[in-house]
Amino acid sequence: MYGLCGCCGALRPRYKRLVDNIFPEDSEDGLVKANMEKLTFYALSAPEKLDRIGAYLSERLSRDVSRHRYGYVCIAMEALDQLLMACHCQSINLFVESFLKMVAKLLESEKPNLQILGTNSFVKFANIEEDTPSYHRSYDFFVSRFSEMCHSSCEDMEIRTKIRMAGIKGLQGVVRKTVNDELQANIWEPQHMDKIVPSLLYNLQHVEEIESPSVYMNLCALPVSSFTIVLGEAKTWQPQSTGGIILKGKGAALGGKSLSRSPSPLQNADKEKEIPAEMAERCLRELLGRAAYGNIKNAIKPVLMHLDNHSLWEPKVFAIQCFKIIMYSIQPQHSHLVIQQLLSHLDANSKSAATVRAGIVEVLSEAAVIAATGSVGPTVLEVFNTLLRQLRLSIDYELTGSYDSAVNIGTKIIKEHEERMFQEAVIKTIGSFASTLPAYQRSEVMLFIMGKVPLPSMHHPMEPGRPGENRNRLIQIMLLKSLLQVSLGFQCSNMLTALPSSFLDPLLSSTLMEDGELRLFVLEILVSLIDRHDSRHKFSTISTVPDIAVLKLKVDKCSRQDTLFMKKHSQQLYRHIYLSCNDSCNVQAHYEALYALLVMISIELANEEVVVDLIRLVLAVQDLALNNEDNLPAYNRCALHALCAAYLNLISQLTTVPAFCQHIHEVIEMRNKEGSYLLPEDVFMEKPRWSRSVEHISTELLFLQSKVSEVLGGSGYNSDRLSTPYVPQLTDEDRLSKRKSIGETISLQVEVESRNSPEKEEKAPAEEITFETLKKAIVDSVAVEEQERERRRQVVEKFQKAPFEEIAAHCGARASLLQSKLNQIFELTIRPPPSPSGTITAAYGQSQNHSIPVYEMKFPDLCVY
């Protein structure tokens, strides 16, 4: 019976007859539109037949593909597209399954034109919003196949370009279909992202500058027999302006109108001019723009793996381009997730080549700057902590000559060069990221970095021995260079809170170190912190400017916050400036930094009291060069005189006191005539001119404190303070610097101990100070420091390695001991009130205080006058 129905067309089911009627006898005639309208009406009237229509069309298409009847294949796909766009009933899911099965059949074909035909149909399907959800539909095959098409390696460049374009459009269709539908397959799962993202990056990476051909499809991919059957002799393939493919001539249309939800800026341009790289970039931006908070990680990890696998960190141009696309595509509140991924990847590659790590750091720099304009959140210190950790590791690699203690990779010379490049990249990244932070966050970052600088005055353990000293010095230099980058452009109205003592104290203590490079970094950091009007470049060289009006300085009135800051830290600043001047290792750069520091204090933080103190300080520096108690070289003494001349020339014009300006001008004129080696124009130049005979300088060539006190006192300044020479306050911090002699250090310690001794204590007989006494004092002090350091190390090691129970028992015992001591103190201090009736005698002859209630107390009679 069923066989008879198959042979007789009149007895076949109606839906089959309607489907058969849309196919003409000759495929060149195209789709029969009148019969297609009947089929569409039937499908809308009887939606329960839609799944059978789809199955039958799928059966015919499979048969036509196997028989190479590509004209009928095109007709079948056009019919499917029209039915899919017209029908939105509840039974559409079964029809969609048949449709996807036929698209998969085309994608599996080796013919490029069939692959593109299937892709275009899938893209149109992806842009249709379905009324009924699908719980079981899978797109795994399409993700894999479209990704494979994105990596097409066809020898013909024209065909390769078209196949890759189709693959990218297919991936974009999959993303649009699934990304916002929770009932569809989760496209953000790693197995899908690991295929989609690398495919897009591959096309971004291989940009082929080619002219788009006038013919969209090269028909040489098909056999010659197919041309005569499908297209005939005069038919060609041309691109359709709406995104599909049409058959010019009598062939049926393939494709149709584009239903893109979010048209790209290039949608109105000619599609022939598109290249895979542009399409891949648009698709990647759309993918990342749709990513939710929990999906960012799965989208970024394949990018990092692709850059690793293809060694794209070293040129770093493509890597930076990729992450710029990422940072500008994702939502601003998700930026910190990308930063965290880059930081984790940097840690994971901590033993990779320096060029690879430098590339990651450069990318991190670009991404961090973009992220800082949005919401960075708690990742600020995390960024700096990771970068500083990598900086320390790089220093270790540079000193040891290998990335691993057991394996030596490469030669030490090459590695040192690469590691230095990496360190510079890290420092640059620290500066670029810090420049986007507000003042309060930047001050926290500076405090954070300063806490990691190993200084003798802090609790950082200094590694002994030559290797340890080298490591300490390199760490100090790199961290101070990083701190200098952070301090550039720092502007804060309230420096008292922005620069607390916990930051300034260790920073200023660095000015007492022997290393000239370290001291120079510290001075530049201080200048950058104080300079709030970007005036540093105006004082890059030291000179006696005749008229400072040409500098166009902006001098504001000292605010209350600045006054409080100087009251708290001024003497500390003056002291370190004075001690920094008294160093025989200073070169021209040091004096330029000291001059800039004095000028910045005068411009930014000076009031009347500060001006007086600065003048006293500079006159004390002049006396320092004149007396030469520390045997400074002749050049350094001439440099100090020139520094004093340049600064007093500037401060005299800032104070606008005519008599003061006249005195300074007279001394400078006299030096021009008789001692030009005492002026900055001769000392601070490429080939300095200075004199060795600076032992005896005439009074006319010096700035006299009595004269300065007299002329400024007449203008309302504190003459008594001006007439008092400045003497720096010596503290225990000077003992850590190696500039002071051993005798001064011991005498200072003896003086401090004598001041702290109680007055009632009997004065001990004076001990005779001999060479052996001094030697014993030095050895004892060193031994005490070693014992203290060892004790601290043991305590730290105990709390790191001891079991929790042992630590808890130890702390519990100490708590019990403390409580018992407190109880004893309470018993001694808290006694009952004295009894008016005296004491009573208790058993065993012991006296016992007896407290009587107030109402039982007997008071003496009051005296009556």
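The values are calculated or read from the model by the stated rules, or taken from the named source; none is laboratory data. Since the structure is predicted, the reported quantities are computational estimates derived from the model, not experimental observations. In this analysis, Cβ positions are derived from the backbone assuming ideal geometry, glycine residues included, and neighbour counts consider all displayed protein chains. What goes into the accessible areas is simple: the full protein's heavy atoms, side chains included, and nothing from ligands, DNA or RNA. Shrake-Rupley method; radii C 1.70, N 1.55, O 1.52, S 1.80 Å.
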Inside region 325-335, can you point out the residues that are open to solvent by less than 30 Å² (accessible area, probe 1.4 Å) and assigned to a helix (DSSP H, G or I)?
Ile325, Ile326, Met327, Ser329, His334, Ser335
For region 490-549, which residues satisfy the criterion of being open to solvent by less than 30 Å² (accessible area, probe 1.4 Å), β-branched (Val, Ile, Thr) and modelled with pLDDT under 85?
Thr511
Give all pairs with beta carbons closer than 7 Å in which a residue from region 805-831 that is modelled with pLDDT of 75 or more meets a residue that is assigned to a helix (DSSP H, G or I); count only pairs at least 6 apart in sequence or on separate chains.
Ile807/Phe799
For region 50-120, list the helices (runs of 4 or more DSSP H) that sit wholly inside it and hold at least 3 residues that are within 18 Å of Ile22 (Cβ to Cβ) and open to solvent by 10 Å² or more (accessible area, probe 1.4 Å); which are they?
50-66, 70-86
The condition from (1) within 29 Å of Asp623 (Cβ to Cβ); (2) part of a helix (DSSP H, G or I); (3) not charged (D, E, K, R) that Cys585 misses is numbered (2)
Give the residue that is modelled with the lowest pLDDT, with candidates limited to residues of region 444-472 that are more than 17 Å from Ser365 (Cβ to Cβ) and open to solvent by less than 20 Å² (accessible area, probe 1.4 Å).
Gly468
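Out of all the residues in region 431-440, which are open to solvent by 40 Å² or more (accessible area, probe 1.4 Å) and assigned to a helix (DSSP H, G or I)?
Answer for region 431-440, where residues must be open to solvent by 40 Å² or more (accessible area, probe 1.4 Å) and assigned to a helix (DSSP H, G or I): just Tyr440.
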Inter-residue pairs, beta-carbon under 7 Å, first over 14 Å from Arg60 (Cα atoms) and in region 11-36, second of a type in the set (S, T, N, Q) and open to solvent by 30 Å² or more (accessible area, probe 1.4 Å), 6+ apart:
Val32/Asn21; Asn35/Asn21; Met36/Gln82
Quick check on my filter: what residues within region 336-364 are open to solvent by 10 Å² or more (accessible area, probe 1.4 Å) and part of a helix (DSSP H, G or I)?
His336, Leu337, Gln340, Gln341, Ser344, His345, Asp347, Ala348, Thr355, Val356, Ala358, Glu362
Residues in region 641-650: is at least one under 42 Å from the mean Cα position of the chain (by Cα), among the aliphatic types (A, V, I, L, M) and under 19 Å from Arg721 (Cα atoms)?
no
Given the conditions (1) open to solvent by 30 Å² or more (accessible area, probe 1.4 Å); (2) within 33 Å of the chain's Cα centre (by Cα); (3) of a type in the set (S, T, N, Q), and given that Ser559 satisfies all but one, which numbered condition is not satisfied?
(2)
Within region 542-581, track down each residue that is in a loop (DSSP other than H, G, I, E, B), of a type in the set (Gly, Ala, Ser) and more than 22 Å from Ala639 (Cβ to Cβ).
Ser559
